[in-house]
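*Asks:* The structure that follows is given in the form of structure tokens.
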Ligand SMILES: [Mn+2]
């Protein structure tokens with residue numbers, strides 16, 4: 001009988017003294033809970049210590065609530081002191097796609113992911129990349145089931161939220177394995193904790209960012225782009241496009257917001273045959289990095305400096321490439337909210 005995936009995953013790590021998990025920049029719930037679940041598997045089955053890392057801050061309110069309530073211990077990846085005999089496992093991401101500060105790290109032993117946009121996986125001993133799945137957590141749940149391990153309430157809550165956030169609004173990105181995973185872990189999850197994560201309280205900066213995003217949203221035919229000068233936190237870009245894609249006049253939504261020296265990109269589409277991850281990767285090209293799924297994508301373009309001119313040049317180039325990729329004629333964007341209305345609202 002051929003070895004099960006979870007057996008092969010464990011076999012690839014069996015000679016390691018410890019296992020460190022890494023994931024993409026600004027880890028999301030799927031990434032966080034996948035690391036938790038695989039760390040549990042490794043500790044239970046191999047008896048070696050594990051650690052979880054983060055690449056960049058986690059600032060979205062729900063994700064911070066998740067980290068706090070589930071008590072997830074994360075080491076900033078740039079502060080990790082790599083040791084001899086340690087194995088590195090990458091989850092919810094692939095090498096050379098979503099920024100990883102892995103200088104001085106041992107080679108990657110395993111990759112477990114579900115993104116469409118492939119990375120450089122040649123020579124990696126264990127690879128399980130299934131883009132037919134809605135969430136990496138669903139792969140992790142299947143491993144735990146294969147190995148006969150029952151997750152704790154905390155872990156089940158995390159994986160439940162990881163799958164839920166990946167599928168929210170995009171059920172067609174789910175496969176039977178996602179449904180099976182949800183059905184399996186729902187009875188084990190702490191619904192009260194889940195509710196506290198889902199309804200995490202928001203900082204004042206969230207509302208300022210949202211207002212800025214709406215005031216700077218422009219419609220180009222079937223595309224809407226929100227240009228945010230000052231994103232209070234990078235993950236807000238995703239929250240903004242999730243709202244904008246519900247606008248009935250468009251099929252594509254992009255938020256391009258400046259955070260530090262980076263232009264953070266988030267994209268959504270309702271187009272049935274779209275491959276958003278690949279499209280955004282092509283659009284961004286060598287300007288930066290991008291990746292994602294059929295209907296959702298994200299990316300980031302480093303700005304050469306923090307002058308308004310540099311920002312305008314980058315934005316202009318991005319707009320041109322987006323319009324071209326979506327076969328939209330170069331036009332002046334129409335404001336989502338008229339400037340006169342914005343000014344009028346301020347006067348009353
Ligand atoms: Mn994911």
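The values are calculated or read from the model by the stated rules, or taken from the named source; none is laboratory data. In this text, all values refer to a predicted model and were calculated from it rather than measured experimentally. Here Cβ is always computed from backbone atoms with ideal geometry, including for glycine, and neighbour counts include all displayed protein chains.
*Asks:* Of all residues in the range 157-191, which are surrounded by fewer than 24 Cβ atoms within 10 Å (Cβ to Cβ), away from the ligand (no atom under 16 Å from the Cβ) and in a helix (DSSP H, G or I)?
*Replies:* If the condition is that a residue be surrounded by fewer than 24 Cβ atoms within 10 Å (Cβ to Cβ), away from the ligand (no atom under 16 Å from the Cβ) and in a helix (DSSP H, G or I), then 176, 179, 180, 183, 184, 186, 187, 188, 191 are the ones that fit.
*Asks:* Among the residues of the range 73-109, which ones are within 16 Å of the ligand (Cβ to nearest atom) and touching a helix residue (DSSP H, G or I) at 6+ places or on another chain (Cβ under 9 Å)?
*Replies:* Correct list: 89, 91, 92, 93, 97, 100.
*Asks:* Kindly evaluate residue 123 against the criterion of being under 23 Å from residue 298 (Cβ atoms), outside any strand (DSSP E or B) and either away from the ligand (no atom under 11 Å from the Cβ) or modelled with pLDDT of 90 or more (or both). Write out each step before concluding.
*Replies:* Details: under 23 Å from residue 298 (Cβ atoms): no; outside any strand (DSSP E or B): yes; either away from the ligand (no atom under 11 Å from the Cβ) or modelled with pLDDT of 90 or more (or both): yes.
Criteria not met by residue 123.
One line per residue, one yes/no per condition, for (1) touching a strand residue (DSSP E or B) at 6+ places or on another chain (Cβ under 8 Å); (2) free of Cβ contacts under 8 Å to residues at least 12 places away in the same chain; (3) closer than 19 Å to residue 328 by Cβ:
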{"site": "279", "(1), (2), (3)": "yes, no, yes"}
{"site": "285", "(1), (2), (3)": "no, no, yes"}
{"site": "291", "(1), (2), (3)": "yes, no, no"}
{"site": "296", "(1), (2), (3)": "yes, no, no"}
{"site": "304", "(1), (2), (3)": "no, yes, no"}
{"site": "308", "(1), (2), (3)": "no, yes, no"}
{"site": "312", "(1), (2), (3)": "no, yes, no"}
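*Asks:* Examine the range 250-264 for a residue that is modelled with pLDDT under 95, outside the structural domain of residue 61 (by TED's automatic domain parsing) and outside any strand (DSSP E or B), and state whether such a residue exists.
*Replies:* yes
*Asks:* Kindly establish whether residue 231 is surrounded by 15 or more Cβ atoms within 10 Å (Cβ to Cβ), touching a strand residue (DSSP E or B) at 6+ places or on another chain (Cβ under 8 Å) and part of a loop (DSSP other than H, G, I, E, B). Can you show your working first?
*Replies:* Numbers: surrounded by 15 or more Cβ atoms within 10 Å (Cβ to Cβ): yes; touching a strand residue (DSSP E or B) at 6+ places or on another chain (Cβ under 8 Å): yes; part of a loop (DSSP other than H, G, I, E, B): yes.
Considered against the rule, which asks whether it is surrounded by 15 or more Cβ atoms within 10 Å (Cβ to Cβ), touching a strand residue (DSSP E or B) at 6+ places or on another chain (Cβ under 8 Å) and part of a loop (DSSP other than H, G, I, E, B), residue 231 comes out as yes.
*Asks:* Has the range 135-145 got any residue that is within 11 Å of the ligand (Cβ to nearest atom), assigned to a loop (DSSP other than H, G, I, E, B) and either in contact with a strand residue (DSSP E or B) (Cβ under 9 Å, 6 or more places away or on another chain) or not assigned by TED's automatic domain parsing to the domain that holds residue 239 (or both)?
*Replies:* yes
*Asks:* Quick check on residue 47: is it farther than 20 Å from residue 149 by Cβ and at pLDDT 95 or above?
*Replies:* On the way: farther than 20 Å from residue 149 by Cβ: no; at pLDDT 95 or above: yes.
Considered against the rule, which asks whether it is farther than 20 Å from residue 149 by Cβ and at pLDDT 95 or above, residue 47 comes out as no.
*Asks:* When only residues in the range 59-96 that are without any contact (Cβ under 8 Å) to a residue 40 or more places away in the chain and under 22 Å from residue 231 (Cβ atoms) count, which is nearest to the chain's Cα centre (by Cα)?
*Replies:* Only one residue tops the list, namely 67.
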